[in-house]
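**Q** Take this structure first; my questions come after.
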Amino acid sequence: MISENSFLERSDFLLITRISLLIIIVESIVIFIYNSFEIQLENEVSTWPWYFELPTGVIFAPIFESWLCQYLPFNLFKRFIKEVDTQSFKVFYLLSTGIFFGLLHSDTIWYMFYGLLAGLGFSYCFYRFKLIYPDSYKPLLFTSLTHSIVNLLVFITSIIYNLSETNFS
């Protein structure tokens, strides 16, 4: 039973944490493989100063991209397919929104694949929360939060990686 008094239930927190960790683990594996073949994952935002990159990547982009890539498609598809809890809707939704998210991150073909995997994770997050909270703002909010957590961890990791590459002598 979901209590109306609590904003973030323990189960919600655990789901956000699990999905964030899963996305980070998958992305880390992809980055490891890319680095093994000397493939660079750079996008336009990663060349910005940190004081622009941080708020853009951790606050603004997650909210906008979750709205554009998960919320809008779900509501559009729901107009044509009434039963959203079916396996066919789930597969169609996850694949189409994952591809759409990947296309938005098409700085390179490699970055697009990286974006596709992240998009699948964020779409799964939105879908799961939409089934739990069908008439609520929480699916969008929790997906944006998950996206923000992932982007923040990527941002921190890239700073640490760049510091380790710096020659201080």
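**Q** Which is out of contact with any strand residue (DSSP E or B) (no Cβ under 8 Å at 6 or more places or on another chain), charged (D, E, K, R) and loosely packed, with under 10 Cβ neighbours inside 10 Å, of Glu38, Glu65, Glu42, Glu53?
**A** Sole residue among the options that is out of contact with any strand residue (DSSP E or B) (no Cβ under 8 Å at 6 or more places or on another chain), charged (D, E, K, R) and loosely packed, with under 10 Cβ neighbours inside 10 Å: Glu38.
**Q** Hey, could you check region 133-161 for residues that are farther than 22 Å from Arg10 by Cα and hydroxyl-bearing (Ser, Thr, Tyr) and say which is surrounded by the fewest Cβ atoms within 10 Å (Cβ to Cβ)?
**A** Tyr161
**Q** When residues of region 33-80 are filtered for being closer than 17 Å to Thr108 by Cα and of a type in the set (A, V, I, L, M, F, W, C), how many remain?
**A** Here the count works out to 5.
**Q** Is one or more of the residues making up region 8-23 surrounded by fewer than 12 Cβ atoms within 10 Å (Cβ to Cβ), under 18 Å from Phe129 (Cα atoms) and more than 20 Å from the chain's Cα centre (by Cα)?
**A** Yes, that holds for at least one residue.
**Q** Further question: Looking at (1) under 23 Å from Pro49 (Cα atoms); (2) under 12 Å from the mean Cα position of the chain (by Cα); (3) aromatic (Phe, Trp, Tyr), which is the one condition that is false for Tyr161?
**A** (2)
**Q** Turning to a different aspect of this structure: Among (1) of a type in the set (Phe, Trp, Tyr); (2) in contact with a Phe, Trp or Tyr (Cβ under 9 Å, 6 or more places away or on another chain); (3) in contact (Cβ under 8 Å) with a residue 60 or more places away in the chain, which single condition is Phe89 missing?
**A** (3)
Every number in this text was worked out from the coordinates using simple rules, so none of it is lab data. The shown structure was predicted, so the numbers you read here are calculated from the model rather than taken from an experiment. Ideal geometry is used to build each Cβ from the backbone, glycine not excepted, and the neighbour counts take in all protein chains shown.
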